[in-house]
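Here, each number is a calculation from the coordinates, and none is a lab measurement. As the structure is a computational prediction, the values presented were derived from the model and not from experiment. Because the Cβ atoms are built from the backbone with ideal geometry, glycine has one as well, and the counts that use them run over all protein chains shown.
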Amino acid sequence: MGNSRPPQPGPIEPLGVRDLESGGGSQFLSTARSLAANVWECRLRLLCCCLPQDESHQAAFSSISQLFSDFFSDTDLVPSDIAAGLALLHQEQDKMERSRDPEVLVSHSTSSPIENDLQAELEKAAHYMHFAAAAYGWPLYVFSNLCTGPCRLSRDCCRTRAAEHDIVEGDHLGCHFSSILQTTGLQYRDFIYVCFHNQIYEIPFFVALDHKMAAVLVAVRGTLSLKDALTDLSADCENLLVEGVTGACYAHKGMCQAASYIYKKLVNDGILNQAFSDAPEYNLVITGHSLGAGTAALLAILLRSSFPTLQCYSFSPPGGLLSKALADYTKDFVVSVVLGKDLVPRLSIHNMEILKRRILTIVSNCNKPKYCILLQGCWYELFGGEPDDFPTEMENRREHQLSQPLLGEESLIIHPSASYQSLASDDFPAHTPPHFFLPGRVLHITEDGPSRRSCFTQVRFRAEWSNEMAFQSILISPKMLTDHMPDAVLRALKSLCSDSSSPLCSSSSNSNLHNTV
């Protein structure tokens, strides 16, 4: 046999995009996603280094990091790109709002049953918002009463009542409970149970007898700690099977876990049994703000089979809370109250995907340098004025002026994903996160008059029954955060109830006039 030389390998070609489309490319992308999730998990652990690294926290870190890595996996946006996009979107929305026809208010008779129902719900909401605010304890009380609050609490915080150990849990100095007494006006004997124990998926709440409304009241606290924030961020879907509800029954995972925790305390520990043994003729009412609002709505779903007449008042609940089937189911017993352009009731994974895509579109198709957008955007946010006339892709009549885009499409998109098809396409991708909705009927409170006014101008509000679809887009505004504060919601409700001449609109047709991103 003659000697044969083995074939020489050919030149090695660099790995390209086509190679990534093969099976090996899929494996590569899967590994990249796993590494990205690990990076986000390390960031979360660093941010939450003060928390104990137990099993529940590790599971939450893993779930949240996967959510963040999936959301940011297909873009290369830097913070300045996001800031420029938000500035452009805010001015774009303001231009749309100023160009639309003014709303026509239809006058209703004072005997109108729809208007009477709205006024009655406003008065109930204003009453129960005091309890939702009281659940925050001394921080909100002191913030709302800077001059007198510390002095009032100092008289009671260091006192010890032997009986308090039976009904109050986790309030060592008594300051939280003292602020609840001050805010609600109830007596010590009116409280059944007060819990300030706080862990991830375990949030504070209290149970009291509300003699004015003949109700056993459960008030759930909103976000006030880093552990609460982790509960908020655990936004995966979780099955919530409800008897008699057809269709997909999904809910926010973190708030489902929190509602299950409170449900077990109320039922297994006999707290509700004790409350109704003291007041058997009372009805059950559940309330809360923000995280507490979402948890209260889910708790109401869990308890309704045992308490068919219960009512829930959910103030500024998160938008990514319930699937459509569950949201429709809650319309009979849940009232959601939303103030102005509050971000949280519009916040969901689906809406964030839409916002991300709009930021990509408007930033990559603006012909102004980024520094000009940021400087003029800051001026507009601080001092107002006329929105800058930036030509963007969102204005079809100005497309011929888009000769020098701020950023190219290639610099923003790493690879096509479920959240991206084409910047020029108006169709949203087929593979999108499921739509989630606000619970129950939605009572929307807005300022009556111009959005920008002097500090000395008295603010007037108007209220209307709205549609949950009106909150499927995020509105960019300086008030998107301040409208979420519990003291702002309480102030608006008290203003509407004290001023009988405040305009009330019973039609939900105006809800589709809100600007969309």
Original post:
For the range 279-315 and the range 333-374, what is the separation of their C-alpha centers, rounded to whole Å?
Top reply: 31 Å
Subject >> Cα-projected label distance for Leu374 with Asp448, points at 7 Å along beta-carbon direction, nm >> reply: 4.2 nm
Original post:
Once label points are set 7 Å from the Cα along Cα→Cβ at both His211 and Asp236, what is their separation, rounded to one decimal in nm?
Top reply: 4.8 nm
Original post:
Tell me, in nm to one decimal, what length is gained between Val245 and Ala120 on full extension, where the rule is 0.36 nm per residue of separation less the Cα-Cα distance?
Top reply: 42.1 nm
Original post:
When Lys and Arg each count +1 and Asp and Glu each count -1, what net charge do the other residues less than 15 Å away from Asp228, Cβ to Cβ, add up to?
Top reply: +1
**OP:** Output the relative contact order of the range 223-372, whole-number percent, from Cα pairs under 8 angstrom with separation of 6+ residues.
**Re:** 21 percent
**OP:** Quickly work out the Thr482-to-Asp332 label distance, labels modelled 7 Å from Cα along the C-beta direction, and quote it in nm with one decimal.
**Re:** 4.2 nm
Original post:
Of the listed peptides 175-185, 204-214, what is their order by residue-averaged count of other C-beta atoms within 10 Å, with the highest listed first?
Top reply: 175-185, 204-214
